[in-house]
Amino acid sequence: MIVNNHNKGIIFFFILSFFTLIAGCASNGETVKGGKVEDYRTSKGMRDDLMNTAEERVKMGEHETPEELFRQGIALSQKAEEKSAFFRNERYMSALSFFQEIKEKYSYSEYAILSELKIADCYYDMKNYEEAIASYRDFRKLHPTNEYIPYVIYRTGLCYFNQILLFDQDQTVIYKAIKEFEYLINNYPYCEYVQECKDKTGICNKELSKRVFYIGEFYFKSKEYLAAWRRFEQILIDYPGLGLDDQAYRYIRECKTLLNEQEQIQEK
């Protein structure tokens, strides 16, 4: 068939336009994959692609072993630390999909237990402490004699410790952190995490002593000297040697003096 120059020009124009369109999409933050344009300009676009990784592998007929899946999950979680905060969680999300697949499809594999642990670790590294705590607790219930239990207890304590608020706010997480650390210290005295648990318990107690001292000062300024006295005494009884002893003694002396003055006034 003979194609004249005019028709050749039209065909060339359409071919050039087609490739220009594709290049334009890629330059705007999109890539062409499997005939479909993937948008990576938003975190949602990237997250959807990462979470569909396992499903796409199955469609392509790829059947990795639990060990291969675990290695890929570990590799992604390690690479996550090399990325910025924005992309770090995306890496962990992808790693989670591998560990979750092992847990669900290969529950009798030795890698299933390790995957349960890594799921909790991923949540911890993402600073999603509520999910991490829940995952560590599930691990303890399902595998109470596992060799990693001391590590799980330690990390659970860290989940609470990392949420410690200012000393004038609710301190529930401090008590929970202390509970986990002390449980490890008492039940696994030769564990490698014991010294760090002791150090962090000391930090927790210091924060609690600050709170008690803060309340004592509040009562003192409100002229509730008896209530203030009790708080400063609590510092000396429950939190001695944490840097507030001298101030507590001074306040106690002032409380006694002011209470005596109030009694003398009332007697008159």
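Multiply the residue gap between residue 104 and residue 224 by 0.36 nm, knock off their C-alpha separation, and tell me the result in nm, one decimal place.
37.2 nm
Please work out how much length the chain gains when fully extended from residue 258 to residue 143, using 0.36 nm per residue of separation minus the C-alpha to C-alpha distance, in nm with one decimal.
Stretched fully, the residue 258-residue 143 segment lengthens by 35.5 nm.
Taking the highest mean first, how do the peptides 182-188, 140-146, 151-157, 73-79 order by number of other beta carbon atoms within 10 angstrom per residue?
Taking the mean over residues of other Cβ atoms within 10 Å, the ranking is 151-157, 73-79, 182-188, 140-146.
Over the Cα atoms of region 90-141, each weighted equally, I'd like the Debye log10 I(q)/I(0) at q = 0.13, 0.15, 0.26 Å⁻¹, rounded to two decimals.
Once normalised to I(0) and log-transformed, intensities are -0.27, -0.35, -0.98.
Using 7 Å Cα-to-Cβ label points, what is the residue 179/residue 238 separation (nm, one decimal)?
Roughly 1.6 nm, to one decimal.
Once you order the gyration tensor axes a ≥ b ≥ c over the Cα atoms, which shape class does region 84-191 get: rounded for a/c under 1.5, otherwise prolate or oblate by comparing a/b with b/c?
Judged from the Cα gyration tensor, region 84-191 comes out oblate (a/c at least 1.5, b/c at or above a/b).
Please give the contour-minus-distance gain from residue 199 to residue 265: 0.36 nm per residue of separation, less the Cα-Cα distance, rounded to one decimal in nm.
Stretched fully, the residue 199-residue 265 segment lengthens by 18.9 nm.
For residue 206, project a label point 7 Å along Cα to C-beta. Then give me every residue of region 243-268 with its amide nitrogen under 15 Å of that point.
Under 15 Å, as judged by backbone N against the label point of residue 206, lie 243-245 of region 243-268.
Each value in this text was obtained by applying a stated rule to the coordinates, not by laboratory testing. Predicted model, so just to flag it, every value in this text is computed and none were measured. Reconstructed Cβ throughout: ideal geometry from the backbone, glycine too, with neighbour counts over all protein chains shown.
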